[in-house]
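Notes for the one structure printed next.
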Amino acid sequence: MRKCDQWLAAPLGAGLAAALLTGCGSEDGDAAGSGEHVVMGMSDEVLATDPASGYDPGSWLLFNNVFQSLLSFPKGSTTPQPEAAEKCSFKDNASRVYSCTLQNDLTFSGGHPLTSEDVKFSFERTKRINDANGPALMLTSIGSIDTPDRRTVVFHLKNSDATFPQKIASGAGSIVDHREYPADKLRTDHKAVGSGVYKLDSFTKDEAIFSVNGGYQGPARPKNSGLNLKFFHGGQARLKSAVQKGDVDLAYRGLAMRDLADLQAQSLGGGKSLNVVEGTGAEVQHLVFNMKDPVAGKLGVRKAMAYLIDRSTLVRDVYKRTAEPLYSVVPAGITGHNTAFYDKYGDRPQPEKAKQALRDEGISGKVKLTLWGTPIRYGPGTVPGLRQIAEQLNASGLFDVDVKSADVAAYEKGVAGGKYGVYVKGWVPDYPDPDNFVAPFFGAGNVLANHYTSPRLSAQLIPATAEQPSREATVGDFQRIQDIVADEVPMLPLWQGKQYAVAQDDISGLQWTLDSSTVFRFWEIGKSSDG
């Protein structure tokens with residue numbers, strides 16, 4: 001095992017402020033790519049093979065395995081390490097000039113050399129294309145990019161952005177060959193040319209086939225010789241059947257909650273030789289309040305709901321314990337997490353305190369509300385979860401709540417148009433830093449569309465965290481942010497998801513690829529030859 005890889009998540013530390021040093025050497029064991037071939041099933045779609053377009057979990061799964069970024073997240077850690085880069089660091093105290101030196105003699109899988117020109121081209125291309133379904137919005141802090149030589153890249157940022165290393169370690173930082181990709185439009189042939197651990201050999205509607213890239217230079221050491229990724233197009237029952245029959249070696253993303261519980265029970269009961277592997281997740285779900293709504297806009301109503309909602313029952317009865325109760329906007333496992341809502345409102349319904357909150361608002365009768373959701377986008381448990389919450393609120397005698405849902409297009413239109421008083425938003429992080437759970441919701445360009453503004457958050461605390469290269473030094477500010485959100489309740493955290501994969505007995509290494517970085521690492525998956 002490489003000394004720098006630890007299973008337990010390491011906090012973001014001051015080392016990021018000074019420099020990200022040279023990546024670790026190779027592990028002991030088999031040579032790269034000498035293991036068995038693996039077949040994996042997934043019900044999610046891969047919506048893009050061009051990293052200037054994809055901004056969904058399935059596409060980033062492909063990007064993280066086919067393309068290199070300057071930095072990457074090692075297993076079990078939320079601190080980026082060098083990947084295509086030999087070293088990277090901020091060159092100023094304001095977190096506005098970031099420089100990376102590339103490794104020597106990097107090459108793309110097609111044989112062309114990878115130089116600073118390709119890095120500059122890749123970032124500028126994503127920003128120029130600015131695809132509506134792409135990650136360009138993650139790169140808005142980039143002002144200009146210099147390439148003083150073939151191995152050096154210098155980013156000049158428009159504003160202080162201490163999270164820049166995490167952003168470029170994500171799928172948004174994928175490096176493409178400037179000879180293979182058009183500068184001003186997307187590639188549409190479903191081919192991908194990168195310098196990552198794997199090559200994409202073919203991509204069709206139902207399957208993507210990957211082989212190990214023999215020219216890869218970086219810290220990863222593949223435990224298999226390649227991987228076939230079969231797409232089940234939302235067919236949860238078919239995916240479950242495929243892993244039970246052995247048609248796939250493992251199933252990841254998209255198994256129904258009841259199927260996970262069933263497979264886990266079978267495994268524990270001595271049934272078919274399947275392993276249900278659980279990992280840390282950073283996906284979250286919130287109830288969001290429209291602050292201009294005549295009912296949900298009242299603080300007393302929001303506080304009363306906070307006193308009444310029982311998250312433990314929600315995750316037990318609806319999510320079958322595939323999620324954990326969440327008591328703050330920054331989830332557990334992420335730097336700065338606290339339990340602000342637990343501390344203020346408790347973890348069990350408190351009807352008397354809820355009643356008092358309504359009285360303080362001048363409300364004496366039942367509060368009539370509609371909870372809005374959409375059935376697919378944030379998971380199949382979304383609408384049943386809202387019904388559970390409605391039952392909890394109505395059981396108090398203080399509320400008269402119903403639930404409505406709409407397809408995703410109508411739902412997003414309704415949210416944007418301010419038609420809903422209370423609605424659901426889910427969030428899968430782009431990078432594992434507290435900033436990604438705070439700035440999009442309470443900073444400039446609030447993605448919640450709930451009309452909440454707090455100058456203390458948007459003009460003081462959030463910018464202060466962006467200027468601090470040592471992420472440990474931001475803990476106090478992030479905890480103050482979470483406390484303010486709990487006081488003002490513009491949103492109500494509900495749950496934090498876990499990650500699951502179901503695999504045959506001869507599959508190993510999944511525990512190294514299910515962590516809060518949300519990077520699914522093909523190279524950590526091994527298959528024993530006698531399986």
Review point. Among the residues of region 146-189, which ones are in a strand (DSSP E or B), open to solvent by 10 Å² or more (accessible area, probe 1.4 Å) and out of contact with any Gly (no Cβ under 8 Å at 6 or more places or on another chain)?
Key: Asp146, Thr147, Pro148, Asp149, Thr152, Val154
Check your understanding: Which numbered condition trips up Asp131, out of (1) closer than 18 Å to Thr49 by Cα; (2) surrounded by 24 or more Cβ atoms within 10 Å (Cβ to Cβ); (3) among the charged types (D, E, K, R)?
Key -> (2)
Review point. Picking from Leu250, Leu239, Leu274, which residue would you name as being under 22 Å from the mean Cα position of the chain (by Cα) and over 26 Å from Leu494 (Cα atoms)?
Key: Leu250
Review point. Can you find a residue in region 76-87 that is touching a Pro at 6+ places or on another chain (Cβ under 9 Å), in a loop (DSSP other than H, G, I, E, B) and hydroxyl-bearing (Ser, Thr, Tyr)?
Key: yes
Practice item. Return the pairs, sorted by first residue and then second, in which the second residue is among the basic types (Lys, Arg) and in a loop (DSSP other than H, G, I, E, B), the first residue lies in region 492-512 and is surrounded by fewer than 24 Cβ atoms within 10 Å (Cβ to Cβ), the beta carbons are less than 6 Å apart, and the residues are 6+ apart or on different chains. Key: Gly509/Lys223; Trp512/Lys75
Check your understanding: Of (1) closer than 16 Å to Lys185 by Cα; (2) out of contact with any strand residue (DSSP E or B) (no Cβ under 7 Å at 6 or more places or on another chain); (3) modelled with pLDDT of 95 or more, Asp149 satisfies all except one. Which?
Key -> (1)
Practice item. Taking Ala208 as the residue in question, decide whether it is modelled with pLDDT of 95 or more and more than 20 Å from Lys527 (Cα to Cα). Key: no
Review point. Looking at Pro469, Pro440, Pro432, which is the one that is open to solvent by 10 Å² or more (accessible area, probe 1.4 Å), under 22 Å from the mean Cα position of the chain (by Cα), under 29 Å from Ser43 (Cα atoms) and not β-branched (Val, Ile, Thr)?
Key: Pro440
Practice item. Could you check, for region 190-212, whether at least one of its residues is without any contact (Cβ under 8 Å) to a residue 60 or more places away in the chain, open to solvent by 30 Å² or more (accessible area, probe 1.4 Å) and in contact with a Ser or Thr (Cβ under 9 Å, 6 or more places away or on another chain)? Key: yes
Review point. Which members of region 231-263 meet the condition of being surrounded by fewer than 20 Cβ atoms within 10 Å (Cβ to Cβ) and in contact with a helix residue (DSSP H, G or I) (Cβ under 6 Å, 6 or more places away or on another chain)?
Key: Ala256
Check your understanding: What residue, among those in region 84-112 that are in contact with a strand residue (DSSP E or B) (Cβ under 8 Å, 6 or more places away or on another chain) and among the small types (Gly, Ala, Ser), is surrounded by the most Cβ atoms within 10 Å (Cβ to Cβ)?
Key -> Ala85
Study note, to complete from the structure: How many residues of region 50-73 are farther than 25 Å from Tyr98 by Cα and either open to solvent by 10 Å² or more (accessible area, probe 1.4 Å) or aliphatic (A, V, I, L, M) (or both)? The answer is 4
Review point. Since Lys298 meets every condition but one in (1) farther than 19 Å from Ala395 by Cα; (2) open to solvent by less than 10 Å² (accessible area, probe 1.4 Å), which condition does it not meet?
Key: (2)
Point to revise | Hits in region 357-392 (condition: in a helix (DSSP H, G or I) and aliphatic (A, V, I, L, M)) | key: Ala357, Leu358, Val383, Leu386, Ile389, Ala390
Study note, to complete from the structure: Given the conditions (1) more than 26 Å from Asn450 (Cα to Cα); (2) open to solvent by less than 30 Å² (accessible area, probe 1.4 Å); (3) in contact with a Phe, Trp or Tyr (Cβ under 9 Å, 6 or more places away or on another chain); (4) among the hydrophobic types (A, V, I, L, M, F, W, C), every one holds for Ile484 apart from (1)
**Study point:** Test for Thr115: is it open to solvent by 50 Å² or more (accessible area, probe 1.4 Å), of a type outside the set (Phe, Trp, Tyr), more than 24 Å from Ser517 (Cα to Cα) and free of Cβ contacts under 8 Å to residues at least 60 places away in the same chain
**Key:** no
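The values are calculated or read from the model by the stated rules, or taken from the named source; none is laboratory data. Computed from a prediction, not measured in an experiment: that's the story for all the values here. Glycine gets a Cβ as well: all are built from the backbone with ideal geometry, and neighbour counts include every protein chain shown. We work out accessible area using only protein heavy atoms, side chains counted, and drop any ligands, DNA or RNA first. Shrake-Rupley method; radii C 1.70, N 1.55, O 1.52, S 1.80 Å.
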